[in-house]
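Engineer: To start, I am sharing the structure in question, which I have written as structure tokens.
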Amino acid sequence: MNRPDPGSPDQGANQDDAVWLDLVARLEADSPAGGTGSANGAGTDPGAAAAPRDDSTAGGRPASFRDFDPLGLAGAAPAEMSAAERQAAGDDAGTGAGADADAPAGPRDYDVDGDDGAFVPEEPPSLAGTDPLTMLAWLAAVGGPVALLFSAMFWRSAPLLAIVGIVAVFVLGTVYLIMQLPQEKDEDDDGARV
């Protein structure tokens, strides 16, 4: 097993230290321009990196995380417009006065066309012209279960004849409505209405 002698200097550690000091010196520099040293640390001054640094930016405020931009990609942050400015810009965009030709069109950057082909449902037929027997059948079909529910809640001692009568009225009304359905089917009709 080859173990390094504790007394001998480690050449790899010295090179790593030089690269680290070069990186720190470039990050602490005020300008994002690259350092003068090479990637392996040759030509760097280790004493320059060890010099005390000023923890304030050019504006006199302390440095923060937002100030850290080693690649220089951030530039100036875009200022967000207020709601009034966005609305004014939106009003101008509709007329073409303030629209930016280079800006991509968004989902709300168009004018809505008039509703020329809007769907208007037809008026439902009046119940006054309905056949009286059909109206009674509907009342029996809907009213039968409702009457049974109310009698179970409020008239617990209802006689058996009343319960059987309600069930019979319900069944007769339902059968009549089923018999009134059309018997023949148009084979060409798919059920859609235009």
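The values are calculated or read from the model by the stated rules, or taken from the named source; none is laboratory data. None of the values given here were measured: they were computed from a predicted structure. Don't worry about glycine lacking a Cβ; one is built from the backbone with ideal geometry, like all the others, and counts go over all protein chains shown. Each accessible area value is taken on the protein alone, full model and side chains, heavy atoms only, with ligands, DNA and RNA left out. Shrake-Rupley method; radii C 1.70, N 1.55, O 1.52, S 1.80 Å.
Engineer: Report the full-extension gain for the segment LEU149 to ALA192: residue separation times 0.36 nm, less the Cα-Cα distance, to one decimal in nm.
Structural biologist: In short, 11.7 nm is gained.
Engineer: Next up: Sort ARG156, ARG86 from largest to smallest accessible area, using a 1.4 Å probe on the heavy atoms of the protein chains.
Structural biologist: Details: ARG156 200, ARG86 120 Å².
From most exposed to least exposed: ARG156, ARG86.
Engineer: Calculated FRET efficiency, LYS185 and ARG156, Cβ-Cβ r, R0 35 Å, to nearest 0.05?
Structural biologist: Rounded to the nearest 0.05, the efficiency is 0.15.
Engineer: To the nearest 10 square angstrom, what accessible area does LEU160 show with a 1.4 Å probe?
Structural biologist: Accessible surface of LEU160 is approximately 130 Å².
Engineer: Given the protein chains as shown and a 1.4 Å probe, how many square angstrom of ASP189 are accessible, to the nearest 10?
Structural biologist: Around 80 Å² of this residue is reachable by solvent.
Engineer: Let me ask something else. Quote the FRET efficiency, to the nearest 0.05, computed for ALA88 versus ALA118 with a Förster distance R0 of 41 Å and r equal to the Cβ-Cβ distance.
Structural biologist: 0.85
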